[in-house]
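J.: So that we are looking at the same thing, I have put the structure below in structure tokens.
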Amino acid sequence: MSGQPLNYFPSGSMVTIAQLDAGRGAKAKLYSLGLIPGTEVLITSGGSGPCRMKLRGSELVIGQGLASKILVFKTG
């Protein structure tokens, strides 16, 4: 299963993580942040600049580089 990069979607999009297209170090960091396949994410600030999102009751901000490694599909 594949999808579009997380930073492709605009603010207000509800997406589900399909897979992480990253190396071992980046994957470990994303997993530790709770960004694992199957997780639903609400993008609160997309576009250029940091990507702000809500997942599992927490807010998270990551840079464009990491956001581009998270492949998602739209769920809502």
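J.: Would you please name the residue that is nearest to residue 25 (Cα to Cα), looking only at residues in the stretch 54-76 that are in contact (Cβ under 8 Å) with a residue 40 or more places away in the chain and part of a strand (DSSP E or B)? Before the answer, list the steps.
T.: The initial filter retains those residues of the stretch 54-76 that are in contact (Cβ under 8 Å) with a residue 40 or more places away in the chain, namely 64, 66-76.
Pick out the ones that are also part of a strand (DSSP E or B) and you get 70-74.
On the way: 70: 14, 71: 17, 72: 20, 73: 23, 74: 26 Å.
Out of the qualifying residues, it is 70.
J.: For the stretch 1-55, what are the residues that are closer than 14 Å to residue 75 by Cβ and in contact with an Asp or Glu (Cβ under 9 Å, 6 or more places away or on another chain)?
T.: 14, 15, 16, 17, 53, 55
J.: Please count how many residues of the stretch 28-52 are in contact (Cβ under 8 Å) with a residue 24 or more places away in the chain and either over 11 Å from the mean Cα position of the chain (by Cα) or not in a loop (DSSP other than H, G, I, E, B) (or both).
T.: 10
J.: Related question: Test residue 63 against the criterion of being at positive phi and at pLDDT below 95, and give yes or no. Break it down into steps so the answer makes sense when it comes.
T.: Values: at positive phi: no; at pLDDT below 95: yes.
When the stated conditions are applied, residue 63 does not pass them.
J.: Of all the residues that make up the stretch 1-25, how many are touching a residue at least 12 places away in the same chain (Cβ under 8 Å), farther than 12 Å from residue 70 by Cα and not in a strand (DSSP E or B)?
T.: Final tally of qualifying residues: 5.
The values are calculated or read from the model by the stated rules, or taken from the named source; none is laboratory data. Because the structure is predicted, anything quoted here is derived from the model rather than measured. All Cβ positions, even for glycine, are placed from backbone atoms using ideal geometry, and neighbour counts span all protein chains on display.
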